[in-house]
Amino acid sequence: MAGDEYEKKKTEFLREAGEAFDRMMKEDQEQMITFDQMEDRALEVGGKLERWLVEKRLAEDARQKTEGSQGCCSQCRKPLQLAPTPKERRLRGRTGEISFQRQEGYCPSCRKAFFPSGSGVETGR
Ligand SMILES: [Zn+2]
């Protein structure tokens with residue numbers, strides 16, 4: 001990740017983390033009476049942060065892998081044509097559902113669509 005983008009994302013994360021902290025320490029304090037309730041809230045705000053981190057990391061991975069190279073068709077090895085807009089993809093992770101954008105490529109010879117960023121994040125679903 002380039003310096004500016006890195007710092008921007010980090011600032012975003014710190015803001016998210018700050019919100020998580022507030023949710024835990026400020027809002028509805030009177031509603032968190034039992035240990036279970038506190039733990040539920042901590043899991044909720046923590047899970048949101050986890051999903052945020054995974055989403056951003058996935059997006060960065062996809063960006064790096066497609067940057068400068070269109071990728072090639074896995075069948076005929078011809079360069080892929082990139083779709084004008086990235087496709088929204090969803091993964092069901094351990095921390096909940098994660099959505100991210102993926103650039104899709106198309107091979108005119110084989111008439112097939114591929115994800116040039118590779119299969120590193122595939123879950124087999
Ligand atoms: Zn092809």
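The values are calculated or read from the model by the stated rules, or taken from the named source; none is laboratory data. These numbers come from a predicted model, not from an experiment. Cβ coordinates were reconstructed from backbone atoms using ideal geometry, including for glycine residues, and neighbour counts include every protein chain displayed. The protein model used for the area step is the full one, side chains on, heavy atoms only, and it has no ligands, DNA or RNA in it. Shrake-Rupley method; radii C 1.70, N 1.55, O 1.52, S 1.80 Å.
Scanning the range 60-104 for residues that are under 30 Å from Leu43 (Cβ atoms) and exposed (fewer than 14 other Cβ atoms within 10 Å of the Cβ) gives Glu88, Arg90, Arg92, Arg94, Gly96, Glu97, Ser99.
Gly46 meets each of the listed conditions (1) open to solvent by 50 Å² or more (accessible area, probe 1.4 Å); (2) more than 16 Å from the ligand (Cβ to nearest atom); (3) touching a residue at least 24 places away in the same chain (Cβ under 8 Å) apart from (1). Here Cys107 clears all of (1) open to solvent by less than 90 Å² (accessible area, probe 1.4 Å); (2) under 30 Å from Ala2 (Cα atoms); (3) touching a Leu at 6+ places or on another chain (Cβ under 7 Å) except the condition numbered (2). Taken together, the criteria place Gln31 among residues that are farther than 30 Å from Lys112 by Cβ and not basic (Lys, Arg).
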